Amino acid sequence: RKEVEQDPGPFNVPEGATVAFNCTYSNSASQSFFWYRQDCRKEPKLLMSVYSSGNEDGRFTAQLNRASQYISLLIRDSKLSDSATYLCVGNNFNKFYFGSGTKLNVKP
Amino acid sequence: GAVVSQHPSRVICKSGTSVKIECRSLDFQATTMFWYRQFPKQSLMLMATSNEGSKATYEQGVEKDKFLINHASLTLSTLTVTSAHPEDSSFYICSARWISGSSKNIQYFGAGTRLSVL
């Protein structure tokens, strides 16, 4: 079983929609989590860090549920520019574990 | 602005040549850097963890003699793809681990190097 698992999607949503992704992790010792976005043929860019129960930044909200071992990312009022692959990452000391990514397509 | 610089961004080389990729942390010292490879439409695959002043730790299936890693300073790690072959063509991405004062650590990625071996 992979350390971090994500639904690959794609999620196809209209502009303005609210969309949520979930990510599950297997290592209960994981200390922190991150959401990165990766555009086609580009490097991952940090979107949000999740250290405790959750984090909110504008239209983006990340939540961590340690009891159920999942992290979620909620995007409100989707923009065309939100189209990308969203990577869920878990961290345990010196190791970072990447999910395979969830692809989001926001359509006009 | 970029906190991790990776160079070159694009390399096209003949089969059998060696290619060196540099990864620099710009605003912080990174005792740990990571090297990833990504094939089209696939997820990032960790190749090795580069530790300043010591040998790199390679993931299973990654040949250490093929992919030489040197982390000689706190701001620079290099990956050398030796005797490159067409199957080594891929997108190589480095990252540097930043540790905050509260011991939170985050990875920042370089822009990646697209290697094409002819």
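Taken over the stretch B:6-31, the criterion of being in a strand (DSSP E or B) and over 11 Å from the mean Cα position of the chain (by Cα) is satisfied by B:Arg10, B:Val11, B:Ile12, B:Cys13, B:Val19, B:Ser25.
The listed residues are B:Lys14, B:Lys66, and the only one of them that is of a type in the set (Lys, Arg) and either without any contact (Cβ under 8 Å) to a residue 24 or more places away in the chain or surrounded by 15 or more Cβ atoms within 10 Å (Cβ to Cβ) (or both) turns out to be B:Lys66. Given B:Ala48, B:Ala72, B:Ala56, which one is aliphatic (A, V, I, L, M), out of contact with any strand residue (DSSP E or B) (no Cβ under 7 Å at 6 or more places or on another chain) and either surrounded by fewer than 17 Cβ atoms within 10 Å (Cβ to Cβ) or free of Cβ contacts under 8 Å to residues at least 60 places away in the same chain (or both)? Among B:Ala48, B:Ala72, B:Ala56, only B:Ala72 is aliphatic (A, V, I, L, M), out of contact with any strand residue (DSSP E or B) (no Cβ under 7 Å at 6 or more places or on another chain) and either surrounded by fewer than 17 Cβ atoms within 10 Å (Cβ to Cβ) or free of Cβ contacts under 8 Å to residues at least 60 places away in the same chain (or both).
Provide a single number: the residues in the stretch B:77-104 that are of a type outside the set (Ser, Thr, Tyr), surrounded by 18 or more Cβ atoms within 10 Å (Cβ to Cβ) and out of contact with any helix residue (DSSP H, G or I) (no Cβ under 7 Å at 6 or more places or on another chain).
9
If I filter the stretch B:73-103 down to residues being of a type outside the set (S, T, N, Q) and assigned to a loop (DSSP other than H, G, I, E, B), which single residue comes out as nearest to the other protein chains (Cβ to nearest Cβ)? Even if it seems obvious, please write down each step before you answer.
If we filter the stretch B:73-103 for residues that are of a type outside the set (S, T, N, Q), which is where we start, we get B:74, B:76, B:79, B:81, B:84-88, B:91-94, B:96-99, B:101.
Narrowing further to those that are assigned to a loop (DSSP other than H, G, I, E, B): B:74, B:84-85, B:101.
Details: B:Leu74: 16, B:Ala84: 20, B:His85: 22, B:Gly101: 14 Å.
Per the criteria, the residue is B:Gly101.
Restricting the stretch A:65-90 to residues that are surrounded by 21 or more Cβ atoms within 10 Å (Cβ to Cβ) and not small (Gly, Ala, Ser), which is farthest from B:Asn51 (Cα to Cα)? The residue in question is A:Ile75.
Could you tell me which residue of the stretch A:19-45 is farthest from A:Ser100 (Cα to Cα), considering only residues that are of a type in the set (Ser, Thr, Tyr) and within 14 Å of the chain's Cα centre (by Cα)?
Step one: of the stretch A:19-45, the residues of a type in the set (Ser, Thr, Tyr) are A:24-26, A:28, A:30, A:32, A:36.
Filter once more, keeping what is within 14 Å of the chain's Cα centre (by Cα): A:24-25, A:32, A:36.
Working: A:Thr24: 12, A:Tyr25: 12, A:Ser32: 18, A:Tyr36: 11 Å.
Ranking the qualifying residues of the stretch A:19-45, first place goes to A:Ser32.
Please verify whether B:Ile106 is free of Cβ contacts under 8 Å to residues at least 12 places away in the same chain, among the hydrophobic types (A, V, I, L, M, F, W, C) and part of a strand (DSSP E or B), treating the condition exactly as stated. Yes.
One residue is enough: does the stretch B:60-71 have a residue meeting the conditions assigned to a loop (DSSP other than H, G, I, E, B), at positive phi, away from chain A (no Cβ under 14 Å) and at pLDDT below 95?
yes
Tell me which residues, restricted to the stretch B:105-115, are surrounded by fewer than 21 Cβ atoms within 10 Å (Cβ to Cβ), closer than 16 Å to A:Lys42 by Cα and either away from every other protein chain (no Cβ under 12 Å) or of a type in the set (A, V, I, L, M, F, W, C) (or both). The answer is B:Ala111, B:Leu115. Taking into account only those residues within the stretch A:43-58 that are assigned to a loop (DSSP other than H, G, I, E, B) and at the interface with chain B (Cβ under 7 Å from one of its Cβ atoms), which is modelled with the lowest pLDDT? Checking each candidate, the answer is A:Tyr51.
The values are calculated or read from the model by the stated rules, or taken from the named source; none is laboratory data. What you see is a predicted model, and the numbers here were worked out from it, not measured in a lab. Glycine gets a Cβ as well: all are built from the backbone with ideal geometry, and neighbour counts include every protein chain shown.
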